[in-house]
Structure formats: structure tokens, C-alpha cells
Amino acid sequence: MLVRAFHKEEKVSKLIMFHARECPHCRAMMPHVDRLEKEEKVKFERLEVWHDEKNADLMRSYRPVIAPKCGGQLRTPTFFCPETSDVLCGEVPYDQLKDWALKQG
Amino acid sequence: MKKYYRCYVCGDIHFGVKAPEVCPTCLVKNAYVEISSDEAERTSRPTQTTMTRTEFRAAIERFAEKNEFQVNADAAKVETLFDGIFANEQNHGLKYCPCRLRTKDFNEDLKLVCPCNFIIHETYKGKEDGECWCGLFIRRKK
């Protein structure tokens, strides 16, 4: 008898970190992002926006969703989940970033 | 009566009945202060339009000293921000804040030119430890 095992694929939402090379808040958040990726099944796509116009345009395309949650502007760092349209803006403690990332499913 | 005005950011001199709202040289808003004719004469000799980091540092220190905020004492942070501000000027034409992204709407993006009008932002307004979004300026401790 042929037994086929089905493994439920764990669904991991795509998460984006919009950051800027010379933004001190972004630099402060990088170790948190590294740690989170190591400790949890979470992966961030890190997109630099001041030196890469393609990334900048992508962030601008999400402006209607991101800006209202970031003081009406496009600020860095911004953590964004395109699937849920959820946004976390600015330099935050590790646990806050973790809670936000795990909430995205 | 016509008077002299000088942009505290780039030193641009204006002679007129009122100060321009936006400096035509560095495009910072509300940056003009009234000065004496002596000071106008002293500072109106031809200079380079672009500022060095040292000149910019001196300009924002002057800007902050008469206000309720100061330049962040974290020297490493300030240097990183200067790297971004000057990279943005070189790559995008103006000293845009390195912690926000320009929209490509020129008038809208003037709000991002450093020093910006951060005192109206939620990161500063009404906060004892308020600072501008990037952290270059912080509220002075009482």
C-alpha cells in the first residue's frame, strides 16, 4: 500500500523592512531583526530606500497604507507585511518587533 | 521699511520688507532672521553655495541655541545623520532627512529638508524627552 505523507506546509508571511543606510534608528533595529530571524521562523526582506530607487518606489507605492500609521509620512525603519497591510514604524524594543512579526502569521 | 534678513541655515542674505518664507538657496522654510546692516555687509561677501559639514554643524548649533532644543550629544549618531544628509544632498539635490523618504512631490518634500519643522511632529510636541524623527535635535533638559 502506498502511503503518502502529507506535511502541512507552514505558512510564513513575507515581511519587509524598509530602512535607510544612514538612519541611526534602522541601524539600532538591525540586531533585533537578526535575532528575530534566528530565534523565530521569520524572514525579513530588507530594502534600503535612499540609495536604491526601486526600493524607494516600492515603499512609495505603499504610502496610502504606511503613512497614516507613521505620522503621515514615509519614515524609516518601517516594518510592513503586504499580506495583512500591517505596519510597525520606528525604533522599538525587541519584544514589540517580535510580537508584531508573529502576529502576521 | 526694508530690512536685512539672513537665513540661519545657509547664510543667504535678503533685503526687503519681509523675510522670504522659503530660502531660495537651501530651501529651508522659515529660516530667516532679521540682522543689522553691519552684519549684512560683513556676511554678504561671495561664498560657496554648498556648505561643509563643519559649516552645517555650526549653523544648526546656532539655530538650536536660541530654542528649547539642542543638537543631540550623541556624536556617533550625529555623524551618521550627517553622512545621510550630505549623501542625500549629493544624490537628490537637497539636505533631506535620512530617516524619511521623499515623495517626489517637490513642495511636499521641502518639509523633509533638515532642519525640518519638527516641533509640530508627534515625536516632539508635548513630550518631555521629545526629539525630531531622526534624533538630530532633542528637547533641552530643564
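Can you pull out the GluC sites (Glu not before Pro) in the range B:24-112 that DSSP calls coil and that have at most 16 other Cβ atoms within 10 Å? Kindly include the intermediate steps, with their values, before the conclusion.
On the way: sites: B:Glu34, B:Glu39, B:Glu41, B:Glu55, B:Glu61, B:Glu65, B:Glu68, B:Glu79, B:Glu89, B:Glu108; in loops: B:Glu68.
Answer by residue number: B:Glu68.
How many nm is it between the label spots at A:Lys41 and B:Thr123, if each spot is 7 Å from the Cα in line with the beta carbon?
3.5
Which entries of B:Lys29/B:Lys142; A:Lys43/B:Lys127; B:Lys29/B:Lys125; B:Lys77/B:Lys111; B:Lys3/B:Lys125 have Cα-Cα distances beyond 24 Å here?
Details: B:Lys29/B:Lys142 27 Å; A:Lys43/B:Lys127 34 Å; B:Lys29/B:Lys125 19 Å; B:Lys77/B:Lys111 22 Å; B:Lys3/B:Lys125 32 Å.
Distance filter (> 24 Å) returns B:Lys29/B:Lys142; A:Lys43/B:Lys127; B:Lys3/B:Lys125.
If you count the DSSP beta bridges with both ends in the range A:15-103, what percent of them are antiparallel, to the nearest 5? Please list the in-between numbers first.
Working: 7 of 12 bridges.
Rounded to the nearest five, the antiparallel share is 60 percent.
Given +1 on the Cβ of Lys and Arg, -1 on the Cβ of Asp and Glu, and no further charges, what dipole in debye does the range B:53-139 carry about its Cα centre, rounded to the nearest 20? Let's see the in-between values first.
Values: 13 positive and 15 negative charges, 31 e Å.
Once rounded to the nearest 20, the dipole reads 140 debye.
I'd like the orientation of helix B:75-92 relative to chain B: the angle between its Cα long axis and the longest Cα principal axis, in ° from 0 to 90, rounded to 10.
60
Could you check the simple spin-label distance between A:His51 and B:Ser36, using points 7 Å along Cα→Cβ, in nm with one decimal?
Those two pseudo-labels are separated by 4.7 nm.
As a test of the formula, what do you get for chain B when each DSSP H run with n ≥ 4 contributes -39,500 (n - 2.57) and the sum is divided by the residue count, at 222 nm and rounded to the nearest 500 deg cm²/dmol? Don't jump to the answer; show the numbers that get you there.
Working: 4 runs with 42 residues, N = 142.
Only helices count here, giving -9000 deg cm²/dmol.
With a sphere of radius 14 Å drawn around the Cβ of A:Gln73, what net charge do the other residues whose Cβ falls strictly inside it have (Lys, Arg +1; Asp, Glu -1)? Mind showing how you got there, number by number?
Values: positive: A:Arg60, A:Arg63, A:Lys69, A:Arg75, B:Arg100, B:Arg102, B:Lys104, B:Lys111; negative: B:Asp105, B:Glu108, B:Asp109, B:Glu122.
Value of the local net charge: +4.
Tell me which cysteines of the protein assembly as shown come out unpaired when the rule is another cysteine's Cβ under 4.7 Å.
Within the protein assembly as shown, the cysteines lacking a partner Cβ under 4.7 Å are A:Cys81, B:Cys97, B:Cys114, B:Cys116, B:Cys132.
Longest span of chain A, sites excluded, free of GluC sites (Glu not before Pro) in DSSP loop with at most 13 other C-beta atoms within 10 Å?
On the way: sites that count: A:Glu9, A:Glu10, A:Glu40, A:Glu83.
Longest gap between qualifying sites, sites excluded: A:41-82.
When a/c reaches 1.5 or more, the comparison of a/b and b/c decides; with that in mind, is the range B:3-43 rounded, prolate or oblate per its Cα gyration tensor? It would help to have the intermediate numbers written out before the result.
Values: a/c = 2.29, a/b = 1.46, b/c = 1.57.
Oblate.
Relative contact order of chain B, please, whole-number percent, based on alpha carbon pairs below 8 angstrom and at least 6 residues apart. Mind dumping the intermediate values first?
On the way: 192 pairs, mean separation 27.6, N = 142.
Computed value for chain B: 19 percent relative contact order.
Read-outs: derived from the displayed coordinates by stated rules, not from any lab. Keep in mind that this is a model prediction, so the values were computed, not measured. Heads up, the Cβs are rebuilt from the backbone with ideal geometry, glycines too, and the neighbour counts pull from every protein chain shown.
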